[in-house]
1. Working only within segment A:60-112, note down all residues that are among the aromatic types (Phe, Trp, Tyr) and farther than 30 Å from residue A:470 by Cα.
2. Under 9 Å by Cβ, and 6 or more places apart or on different chains, what pairs join a residue from segment A:13-27 that is more than 24 Å from residue A:679 (Cα to Cα) with one that is open to solvent by 80 Å² or more (accessible area, probe 1.4 Å)?
3. So is residue A:480 open to solvent by 20 Å² or more (accessible area, probe 1.4 Å) and aliphatic (A, V, I, L, M) or not?
4. Would you check if there is a residue in segment A:334-356 being modelled with pLDDT under 95, assigned by TED's automatic domain parsing to the domain that holds residue A:300 and within 32 Å of the chain's Cα centre (by Cα)?
5. Would you mind listing the helices (runs of 4 or more DSSP H) fully within segment A:373-454 where at least 1 residues are at pLDDT below 90 and among the aliphatic types (A, V, I, L, M)?
6. Can residue A:237 be described as closer than 30 Å to residue A:449 by Cα and open to solvent by 10 Å² or more (accessible area, probe 1.4 Å)?
7. Being in contact (Cβ under 8 Å) with a residue 12 or more places away in the chain, in contact with a strand residue (DSSP E or B) (Cβ under 9 Å, 6 or more places away or on another chain) and over 30 Å from residue A:246 (Cβ atoms) narrows it down to one residue among A:711, A:722, A:763; which is it?
8. May I ask you to verify whether residue A:654 is farther than 30 Å from residue A:108 by Cα and within 37 Å of the chain's Cα centre (by Cα)?
Amino acid sequence: MEYNFSEIEPRWQRYWEINKTFKTTDNFSKPKYYILDMFPYPSGAGLHVGHPEGYTATDIVSRYKRMKGYNVLHPMGYDAFGLPAEQYAMQTGTHPAVTTNKNCDNFRRQIKSIGLSYDWDREINTTDPHYYKWTQWIFKQLYNTWFDETINKGRPVSELTIPDEIKSQGKDAVKQYIAGKRLAYYDNAQVWWCDSCKTVCANEEVLTDGSHEKCGHTVTRKNLKQWLLRIPLYAERLLQGLEELDWPAGIIDMQKNWIGKSTGAEIDFSIEGLDKKLKVYTTRPDTLFGATYMVISPEHGMAGEITIPEKKKEVEKYIQKASLKSDLDRTDLAKEKTGVFTGRYAVNPVNNKLIPIWIADYVLMGYGTGAIMAVPAHDTRDFEFAQEFDLPVICILDPKDADGREEILKGLKCWTEDGEYINSSSMETGLDINGLNKLNGIQKTIEWLESNNLGKATVNYKMRDWLFSRQRYWGEPFPVIHWEDGEVTLLDDDELPLLLPDLEKYTPGEAGESPLANASEWLHVIDKNGRRGRRETNTMPQWAGSCWYYLRYIDPFNEQMILNPDKEKYWMPVDLYIGGAEHAVLHLLYSRFWHKVLYDLGIVSTDEPFKKLFNQGMILAYAYETATGAKVTSDLVEEHEGRHFHTKTGEELKQIVAKMSKSLKNVVNPDDIIERYGADSLRLYEMFMGPLDERKPWSETGVKGVFNFLNRVFRFFGDTGNINLEKESTEVAKTLHQTIKKVGSDIENLKFNTAISALMVLNNTAMKQGTVSKDTAETFAKLLSPFAPHLGEELWSVYGHNKTISYEPWPEADESLLQEDSFEYPVSFNGKMRFKIELPLDMELEDIKKTVLSDQRAEKWLAGKSLRKFIFVPKKIINIAVN
RNA sequence: GCCCGGGUGGCGGAAUUGGUAGACGCGCUGGAUUCAAAAUCCAGUUCUGGCAACAGAGUGCGGGUUCGAUUCCCGCCCCGGGUACCA
């Protein structure tokens with residue numbers, strides 16, 4: 001009988017759909033398992049083979065967990081706001097909702113054709129007003145929350161105590177005070193602007209080379225009034241929370257890095273001739289004695305007053321140049337140090353020495369206090385600057401036995417490591433750290449600073465406020481009105497959702513405003529007192545909808561509340577979350593932030609949303625190039641005997657691995673694979689290629705390999721003529737139970753490639769045996785079904801069952817069958833395996849020694865040598881060391 | 001520069017974390033079946049030498065620890081990702 005996948009697969013997909021096989025109920029008595037995929041942006045191009053990789057992995061775990069008796073929540077939806085649909089609308093006038101719905105339909109069709117066991121009744125779409133109503137509602141919560149640093153927790157602004165001195169200044173002062181505390185605020189900000197997308201973007205969206213991660217165009221700086229979220233207030237919580245997560249170490253590192261915690265001290269320097277202090281932040285207060293100059297950033301607020309009149313012109317010129325420089329490609333210019341002397345001096349608090357104050361753009365306004373004390377002897381950047389401008393270098397840290405100590409002591413070389421302090425005491429001020437090491441030096445200096453009121457220990461974070469508005473049409477509108485008198489109000493809950501208005505045209509409004517500025521009817525509002533107002537024209541970034549979608553799956557149709565608390569308590573947290581590593585800092589950090597705010601407000605019961613995270617690796621493709629490195633599109637390549645040639649020139653080509661791309665013509669479409677080999681083959685191949693988290697190249701012959709395996713399975717296990725044994729043979733029984741054990745533990749560890757290989761071994765063993773018992777066949781079908789569910793169901797029905805295999809109990813391995821009473825020991829001489837010998841497990845060591853050493857095959861390795869050591873490791877190895 | 005990954009046959013990849021290196025699959029070689037091909041089945045397949053039994057070498061490179069190292073330690077090289085004047 002033929003393995004007719006194109007008949008089998010749609011038939012089971014219909015069965016699942018009609019019977020709602022994978023509908024999840026809120027049966028709180030069962031143990032739950034929430035398994036989530038990062039939902040896709042439904043692009044017009046449809047699914048690529050990368051999507052089914054993660055989806056199949058989660059599907060296997062879902063099906064396995066169901067068979068293990070769990071109540072499984074496994075939903076799917078669409079992150080459907082986004083630029084492409086809007087750009088298409090600009091060109092064609094088609095409403096983005098139309099494009100989006102069409103693309104979602106296509107995605108749904110494609111996803112269903114893979115046989116994934118989602119509960120389709122919970123499908124969500126971020127562009128659905130029923131959904132974004134709650135995105136807007138969360139924005140309101142952020143707006144109405146402040147962060148209480150004394151208890152490290154977000155609280156409603158209604159619980160914010162207003163200091164009396166603010167109260168006494170009147171209503172506006174109070175409003176301003178509250179605005180300064182809200183997690184969401186509207187303010188003038190230096191923002192990154194992408195001129196290609198005609199929108200601002202968050203720091204996180206700008207790549208290292210200064211390009212926009214969405215479109216690749218270089219971004220520029222702009223000053224605009226925008227919505228921002230005070231995510232740094234949660235920096236410590238976001239950092240601490242990482243400790244308890246079962247996430248890839250790399251992602252944890254990246255998040256830690258992004259948060260960028262550093263500890264040090266803020267130190268006040270008095271300024272000669274000015275009744276003001278200059279505050280610096282440093283991680284090395286211990287090096288104060290080596291501070292030979294100071295630097296403030298060109299944007300520093302005190303630049304003007306610090307600069308002496310004679311230097312004004314020069315300084316202004318430098319500041320002007322620096323401001324232009326931020327518009328250029330900064331990375332190229334970054335290396336060379338530039339700066340200008342202000343003419344003014346500060347007083348070093350540890351020894352009262354005067355040190356010059358410079359302005360230089362290597363000091364950034366956005367970090368610390370925007371001012372530093374420069375210690376050229378022990379900081380590479382300061383050292384470079386000192387060399388450039390011939391400033392003194394005083395070594396205060398003896399590197400002891402390090403290379404180049406002499407040069408370091410003379411200040412000719414920079415030393416950033418530990419050592420022993422020298423030149424670090426002052427009779428005048430009473431501080432002396434000579435002889436101490438770095439750790440103690442830092443501690444003692446901070447104590448001295450604090451007791452003399454000159455500074456204090458401080459913690460700093462790299463993470464900045466999150467720029468939360470975009471000049472786009474196709475996003476969630478802010479439920480915000482700006483009134484003519486300057487007041488900003490939010491809509492009431494019963495006014496949500498604030499719907500996106502339909503537009504005639506989707507081009508941006510005046511002066512880079514969002515297209516919503518064109519929606520005049522929608523835009524202008526009048527309150528009951530006749531006051532005029534204008535709605536916020538910016539929309540939320542795409543991250544907004546994906547920040548909390550995992551919560552809505554739990555209760556997708558609740559119109560009264562974001563989700564029911566009982567359901568939330570049952571289903572949260574997400575037990576397993578699989579998606580691409582490209583979201584390491586963006587989506588995963590933003591989500592965690594929102595979640596923590598919702599937790600503080602009592603809306604969710606867990607502090608972290610995603611317990612276990614796993615990243616699937618990218619699927620690459622083979623590409624071809626000539627000897628000179630010129631790429632050849634895949635349609636011009638032919639293969640003979642494992643070598644590759646150009647179809648036109650006959651030239652031999654080199655096979656390389658590259659990202660799938662249209663230009664190389666090596667993009668694989670899952671639809672084609674399903675048509676030729678079936679969904680089960682697609683699933684199986686994607687899992688068999690290699691470890692889930694590694695990047696790996698697609699190979700069509702590899703698909704044929706697993707297709708071949710499924711054919712063999714169908715021919716053997718699908719033929720009841722082969723299933724006639726009363727009692728299973730020992731060999732097959734043993735392999736079967738080994739396979740049960742291995743497949744189960746491999747699924748738990750997401751090692752699908754080796755699980756499939758174990759199934760192949762079992763199939764090979766069974767086929768060799770020629771006939772198996774019904775129990776073996778049914779067990780095999782169960783083990784196979786999470787991986788190849790259509791074939792699993794088909795076999796199950798061939799065995800006479802009329803109900804789905806999806807909820808059949810997962811087989812248990814019979815350990816007694818795996819017990820051995822003997823073991824075939826490899827015998828090595830000096831670590832090199834020479835022969836094998838079967839020995840009973842209960843044999844005494846002395847007998848083993850005698851048996852092995854007297855074995856005929858041992859003779860030649862012992863001849864003329866003396867026995868040094870006899871190593872016996874039970875059930876492992878015998879090694880004989882000879883001289 | 002710094003922080004993570006990763007280098008194993010012709011290819012994708014296994015190896016219970018110190019114990020038989022190369023499971024499983026692809027490809028290739030030979031054979032069976034066939035008028036022939038496809039499909040299928042059987043056998044072989046790390047490299048070198050040998051008809052073979054067998055021997056030697058072998059997990060990026062160089063050292064080390066150990067009875068024994070793909071696995072642990074030290075020093076390098078290459079590839080991929082992240083990040084970058086963060087004081």
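The values are calculated or read from the model by the stated rules, or taken from the named source; none is laboratory data. On a predicted model such as this, the values are computed, not experimentally measured, just so you know. Here the Cβ is made from the backbone with ideal geometry for all residues, glycine too, and neighbour counts use every protein chain on show. With ligands, DNA and RNA removed, areas are computed over all heavy atoms of the protein, side chains included. Shrake-Rupley method; radii C 1.70, N 1.55, O 1.52, S 1.80 Å.
1. A:64, A:70 - these are the residues of segment A:60-112 that are among the aromatic types (Phe, Trp, Tyr) and farther than 30 Å from residue A:470 by Cα.
2. A:26/A:566
3. no
4. yes
5. In segment A:373-454, the matching helices (runs of 4 or more DSSP H) lie at A:405-410, A:438-451.
6. Numbers: closer than 30 Å to residue A:449 by Cα: yes; open to solvent by 10 Å² or more (accessible area, probe 1.4 Å): yes.
So residue A:237 passes the test.
7. Details: A:711 fails: in contact with a strand residue (DSSP E or B) (Cβ under 9 Å, 6 or more places away or on another chain); A:763 fails: in contact with a strand residue (DSSP E or B) (Cβ under 9 Å, 6 or more places away or on another chain).
Only one candidate passes the filter, namely A:722.
8. yes
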